[in-house]
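J.: Encoded as structure tokens, here's the structure I'll be asking about.
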Amino acid sequence: MQARELLSVLPADLIKSILARREKLAAQLPKELELRQEENDRAFQLAKASREELKALQAESSNSKVNEEDILKAQHTYDENEQFRRRSASRLQTIKNNISDCQEAISFWQQLADGEWGHLLEDAERVRVGGASSYSEAKRLNSEKEERA
Amino acid sequence: MSSKSSSLFADLQQKETSEVEAMYETSLAQLSATESQLLELYKKKKIHSETIKFAVSKTLQAPKLDQETQGDLVELAIEQKADFDACLARRDALVERLVLPRHRVLHTMGDFYEKLTAPLTPSDSTSLANEMEYFSRFFELQAILEIYTEEKDVQSSLHRARTNLLETVKAVNKNDRRLAQLINQHRSGAKAQRMEAGRLKAYLEKVNAAPVNPVPEPNPEVNERLLAGEALTMEEFASMLEHGGLTELETSNAPSSKPKQRQKKSMRTSQPRRGQRQTSPRKRD
């Protein structure tokens with residue numbers, strides 16, 4: 001974007017853009033949650049089945065009728081399925097978090113859309129009235145810290 | 001030595017002493033004038049050199065100007081340096097306050113705008129905290145960019161002041177070199193004038209202190225005799241002691257071609273004296 005375009009952006013316009021993006025995402029998330037839920041259920045079933053199979057083989061191994069290779073194979077299958085279950089659970093949790101975060105963000109930006117954005121523009125206001133930028137403040141704090149160290 | 005000194009003063013020997021004395025006085029006056037000019041040139045050169053050092057910030061002390069240098073290029077350079085320093089201080093204050101250069105402000109603003117408005121995917125969402133941070137920074141950068149636009153003249157006036165100062169310093173430097181050349185010329189002139197004055201002074205001293213009988217020209221006859229291994233007579237030897245050279249005994253009292261300035265009596269006796277040889281009476285008998 002060019003300097004003129006960037007300078008013409010108003011807080012209300014930007015909030016509208018952010019809200020639109022959030023609402024679009026919020027509309028996609030329930031479907032995504034459904035998909036992740038299904039995936040997680042499937043992963044849970046697979047992990048459960050492979051764990052039971054492995055336990056059964058280990059119980060039979062005392063009779064020495066079971067080949068050790070079969071036990072190792074069952075262990076490997078169980079590990080893979082368990083890993084998939086953990087991953088799908090994590091993905092499901094991420095979607096749940098996103099839904100929660102998205103709801104929170106939408107309500108936050110909706111509040112601000114009424115003109116309550118003042119606290120977010122404190123740095124900008126300070127610079128406008130002749131104060132130092134937050135970059136300058138950070139630089140000063142860093143140099144003070146270095147001097148003390 | 002006699003021939004050398006005669007060639008050194010060859011042009012003066014034809015002149016009257018009073019004329020040579022006048023020449024000496026003129027030469028001294030010229031030398032004095034040249035040396036005073038040289039002193040002025042040294043002063044000017046020093047001020048020029050100090051001005052250049054001050055203009056390029058090698059020294060913080062501005063040169064002290066006298067009445068002669070006021071209104072000169074040097075004064076202009078000092079004024080322009082003050083103007084440049086003021087512009088530089090204004091620019092530095094702005095940079096210290098804002099820290100980020102304009103091009104970086106633009107780039108970072110674009111980056112934040114993209115992060116706030118680019119479509120999100122369900123798996124790659126951004127947090128509300130990040131959005132708040134980007135929003136706040138975006139408008140701070142917008143304020144910085146507005147200031148840069150308003151203060152556009154800070155950079156341009158600094159550039160203008162620097163260009164003006166450099167041009168003037170170039171001219172002062174040119175003058176400085178010209179002064180160095182003038183100093184060299186004056187020094188050479190002063191050297192020549194000092195030498196001439198010294199020559200005239202030496203001639204006058206020589207003339208004033210000249211003996212009654214000048215050193216005679218070498219006598220070829222006596223030279224031949226000496227080369228043949230013959231001895232000098234006592235009279236010839238006495239003449240040498242008295243005149244500093246051999247002269248024909250009968251013409252030793254001939255009048256000199258040069259004007260006699262001072263009669264100086266010789267302390268030496270002209271005749272060698274030898275007493276009767278002391279021998280024992282028995283041997284005399």
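J.: Between a first residue in region A:99-127 that is without any contact (Cβ under 8 Å) to a residue 12 or more places away in the chain and a second residue that is buried (at least 18 other Cβ atoms within 10 Å of the Cβ) and not in a helix (DSSP H, G or I), which pairs have beta carbons less than 9 Å apart while being 6 or more apart in sequence or on different chains?
T.: From residues that are without any contact (Cβ under 8 Å) to a residue 12 or more places away in the chain, the pairs are A:ASP101/B:SER125; A:ASP101/B:THR126; A:ASP123/A:SER133; A:ARG126/A:SER133; A:VAL127/A:SER133.
J.: If only one of B:ASP66, B:ASP11 is outside the structural domain of B:SER127 (by TED's automatic domain parsing), outside any helix (DSSP H, G or I) and either out of contact with any strand residue (DSSP E or B) (no Cβ under 6 Å at 6 or more places or on another chain) or surrounded by 17 or more Cβ atoms within 10 Å (Cβ to Cβ) (or both), which one is it? Break it down stepwise before answering.
T.: On the way: B:ASP66 fails: outside the structural domain of B:SER127 (by TED's automatic domain parsing).
After applying the criteria, what remains is B:ASP11.
J.: Restricting the search to region B:85-106, which residues are surrounded by 13 or more Cβ atoms within 10 Å (Cβ to Cβ) and more than 10 Å from chain A (Cβ to nearest Cβ)?
T.: B:ASP85, B:ALA86, B:CYS87, B:LEU88, B:ARG90, B:ARG91, B:LEU94
J.: Looking at A:LYS73, A:LYS55, A:LYS145 in this structure, which one is assigned to a helix (DSSP H, G or I), closer than 28 Å to B:ALA143 by Cα and over 30 Å from the mean Cα position of the chain (by Cα)?
T.: Values: A:LYS73 fails: closer than 28 Å to B:ALA143 by Cα; A:LYS55 fails: closer than 28 Å to B:ALA143 by Cα.
Selected residue: A:LYS145, the only one of A:LYS73, A:LYS55, A:LYS145 that is assigned to a helix (DSSP H, G or I), closer than 28 Å to B:ALA143 by Cα and over 30 Å from the mean Cα position of the chain (by Cα).
J.: Does A:LEU14 satisfy the criteria of being within 14 Å of another protein chain (Cβ to nearest Cβ), surrounded by 15 or more Cβ atoms within 10 Å (Cβ to Cβ) and in contact with a Cys (Cβ under 8 Å, 6 or more places away or on another chain)? Give the steps one after another, and end with the answer.
T.: Details: within 14 Å of another protein chain (Cβ to nearest Cβ): yes; surrounded by 15 or more Cβ atoms within 10 Å (Cβ to Cβ): yes; in contact with a Cys (Cβ under 8 Å, 6 or more places away or on another chain): no.
In short, no.
J.: Can you confirm whether B:ALA143 is more than 7 Å from every other protein chain (Cβ to nearest Cβ) and either over 27 Å from A:LEU35 (Cα atoms) or of a type in the set (Gly, Ala, Ser) (or both)? Please lay out each step first, then the result.
T.: Numbers: more than 7 Å from every other protein chain (Cβ to nearest Cβ): no; either over 27 Å from A:LEU35 (Cα atoms) or of a type in the set (Gly, Ala, Ser) (or both): yes.
Spelling it out, it is not the case that B:ALA143 is more than 7 Å from every other protein chain (Cβ to nearest Cβ) and either over 27 Å from A:LEU35 (Cα atoms) or of a type in the set (Gly, Ala, Ser) (or both).
J.: Look through B:ILE144, B:ILE78 and report the one residue that is within 51 Å of the chain's Cα centre (by Cα), assigned to a helix (DSSP H, G or I) and without any contact (Cβ under 8 Å) to a residue 60 or more places away in the chain. Spell out how you get there, then give the answer.
T.: Values: B:ILE144 fails: within 51 Å of the chain's Cα centre (by Cα).
Selected residue: B:ILE78, the only one of B:ILE144, B:ILE78 that is within 51 Å of the chain's Cα centre (by Cα), assigned to a helix (DSSP H, G or I) and without any contact (Cβ under 8 Å) to a residue 60 or more places away in the chain.
J.: Inspect all residues belonging to region B:112-119 and state whether any of them is surrounded by fewer than 16 Cβ atoms within 10 Å (Cβ to Cβ) and either in contact with a Cys (Cβ under 8 Å, 6 or more places away or on another chain) or over 15 Å from B:PHE135 (Cα atoms) (or both).
T.: There is at least one residue in region B:112-119 that is surrounded by fewer than 16 Cβ atoms within 10 Å (Cβ to Cβ) and either in contact with a Cys (Cβ under 8 Å, 6 or more places away or on another chain) or over 15 Å from B:PHE135 (Cα atoms) (or both).
J.: Checking A:SER88 against (1) in contact (Cβ under 8 Å) with a residue 24 or more places away in the chain; (2) surrounded by fewer than 17 Cβ atoms within 10 Å (Cβ to Cβ); (3) within 14 Å of chain B (Cβ to nearest Cβ); (4) of a type outside the set (A, V, I, L, M): exactly one of these is not met. Which one?
T.: Only one criterion is unmet by A:SER88, namely (2).
J.: Do we have any residue at all in region B:210-229 that's modelled with pLDDT of 80 or more, closer than 30 Å to B:GLU16 by Cα and of a type in the set (A, V, I, L, M, F, W, C)?
T.: No, the conditions are met nowhere in region B:210-229.
J.: Moving on to the next point. Could you check, for region B:97-116, whether at least one of its residues is at positive phi and out of contact with any Leu (no Cβ under 8 Å at 6 or more places or on another chain)?
T.: Step one: filter region B:97-116 for residues at positive phi, giving B:99.
Adding the requirement that they be out of contact with any Leu (no Cβ under 8 Å at 6 or more places or on another chain) leaves B:99.
Yes, region B:97-116 contains at least one residue that is at positive phi and out of contact with any Leu (no Cβ under 8 Å at 6 or more places or on another chain).
J.: Can you tell me which of (1) surrounded by fewer than 19 Cβ atoms within 10 Å (Cβ to Cβ); (2) more than 7 Å from chain A (Cβ to nearest Cβ) is the one B:SER127 doesn't meet?
T.: That leaves (2) as the condition not met.
J.: Considering only residues that are hydroxyl-bearing (Ser, Thr, Tyr) and closer than 22 Å to B:LEU100 by Cα, look in region A:99-149 and name the one that is farthest from the other protein chains (Cβ to nearest Cβ). Give the derivation first.
T.: Initial filter on region A:99-149 (hydroxyl-bearing (Ser, Thr, Tyr)): A:100, A:107, A:133-136, A:143.
Next cut, closer than 22 Å to B:LEU100 by Cα only: A:133-136, A:143.
Details: A:SER133: 5, A:SER134: 6, A:TYR135: 4, A:SER136: 5, A:SER143: 12 Å.
In this case the residue turns out to be A:SER143.
J.: Hey, could you check region B:161-184 for residues that are without any contact (Cβ under 8 Å) to a residue 40 or more places away in the chain and among the charged types (D, E, K, R) and say which is farthest from the other protein chains (Cβ to nearest Cβ)?
T.: Keep residues of region B:161-184 that are without any contact (Cβ under 8 Å) to a residue 40 or more places away in the chain, which gives B:163, B:166-167, B:170, B:174, B:177-178, B:181, B:184.
Remaining after also requiring among the charged types (D, E, K, R): B:167, B:170, B:174, B:177-178.
Values: B:GLU167: 32, B:LYS170: 36, B:LYS174: 43, B:ARG177: 45, B:ARG178: 48 Å.
Step by step, filter region B:161-184, then rank; the result is B:ARG178.
The values are calculated or read from the model by the stated rules, or taken from the named source; none is laboratory data. Quantities reported herein were computed from a predicted structural model and do not represent experimental measurements. All Cβ positions, even for glycine, are placed from backbone atoms using ideal geometry, and neighbour counts span all protein chains on display.
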